[in-house]
1. In the chain, once you exclude exposed trypsin sites (Lys or Arg not before Pro) (DSSP loop, at most 10 other Cβ within 10 angstrom), what's the longest stretch remaining?
2. Work out how far the C-alpha atoms of the stretch 174-225 reach from end to end along every principal axis, then list the three figures in whole Å, largest first.
3. Between Asp120 and Val178, what is the label-to-label distance in nm when each label sits 7 Å out along the Cα-to-Cβ direction?
4. Go ahead and estimate [θ] at 222 nm for the chain from helices alone: -39,500 (n - 2.57) per DSSP H run with n ≥ 4, summed, over the residue count, rounded to 500.
5. What is the extension gain from Ala96 to Thr56, computed as 0.36 nm multiplied by their sequence separation minus the C-alpha to C-alpha distance, in nm to one decimal?
6. When only C-alpha pairs under 8 Å and at least 6 residues apart count, what is the relative contact order of the chain, in percent?
7. What span do the alpha-carbon atoms of the chain cover on each of the three principal axes, reported in whole Å from largest to smallest?
8. Roughly what would the spin-label model give for Lys85 and Lys220, points 7 Å off Cα along C-beta, in nm?
Amino acid sequence: MEFVKEISHVLLSSIASIIVLFLLTKIMGYRQLTQLSFFDYIIGITIGSIAAEMATDLENDWWKPLVAMIVYSLGAVGTSVLSLKSIKARRWFTGAPLILIYNGKIIHKNMKKARYDMNDLLSEARIEGYFDLGEIAFAIMEHNGKVSFLPKAENMPCTNKDANISVSPSTLCANLIVDGEIMTNALSAVGKNEIWLKEQLKELKLSAKDLALATYDGNKLIPFKYEKDKKGNDIFM
């Protein structure tokens with residue numbers, strides 16, 4: 001009986017901790033992992049550890065770790081608010097970008113400050129598509145640890161503007177069908193309805209259930225059928 005009681009306690013505490021974590025992440029806002037500062041990262045790990053303790057600790061009161069999670073979350077929210085309102089606070093909490101390459105020259109002082117060696121810099125450059133540092137004019141380490149590269153003028157890719165080519169304005173594609181389901185909200189957003197969509201599908205001799213995705217770019221419907229042919233699946237094995 002005691003075992004069942006303990007299991008029930010863990011189950012309820014786990015569900016409660018999940019709900020609390022979800023609500024706290026909503027409050028703290030959405031950011032990708034690469035956008036987190038070191039402080040945000042540590043706060044996230046700490047809150048996760050407290051949530052795990054809340055779910056498995058059978059001896060202490062459940063509200064103690066809950067209060068701790070709320071305090072840490074408020075600390076993260078507080079630093080975010082201060083960073084938004086004050087540039088000095090932003091630099092203090094998130095740090096400032098560091099120039100690693102300036103006009104093609106490597107700034108060793110900033111490399112040491114960032115605790116970055118040449119292998120790290122070369123690796124980041126290759127990830128961004130630069131296999132020759134001679135092609136890079138500037139490299140800047142952002143506050144989140146990611147390195148941004150600006151190539152030299154002669155190594156920049158040619159654009160339509162450079163070639164004096166006139167193109168149609170870029171538009172966002174609306175996802176009208178996803179996994180065989182018609183997205184009614186997306187249809188309304190582009191000023192269309194299901195009757196129009198079904199007519200378009202009829203012309204293409206398709207049905208919504210045949211499609212993994214169907215997008216609309218403002219001019220035409222672009223369908224993506226489910227691919228049943230398994231050829232090519234082994235190239236990444």
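1. Working: sites that count: Arg115, Lys161, Lys205, Lys220, Lys228, Lys230, Lys231.
Longest run free of exposed loop sites: 1-114.
2. 23, 20, 17
3. 3.8
4. On the way: 8 runs with 109 residues, N = 237.
Computed ellipticity for the chain at 222 nm equals -14500 deg cm²/dmol.
5. Working: separation 40, 0.36 × 40 = 14.40 nm, distance 3.99 nm.
Full extension from Ala96 to Thr56 adds 10.4 nm.
6. Values: 234 pairs, mean separation 28.8, N = 237.
The value is 12 percent.
7. 67, 59, 44
8. The modelled label-to-label distance comes out at 5.4 nm.
Throughout, read-outs are computed from the coordinates displayed, never taken from laboratory work. Quick caveat: nothing in here was measured; it's all calculated off a predicted structure. Backbone-built Cβ (ideal geometry, glycine too); neighbour counts: all protein chains shown.
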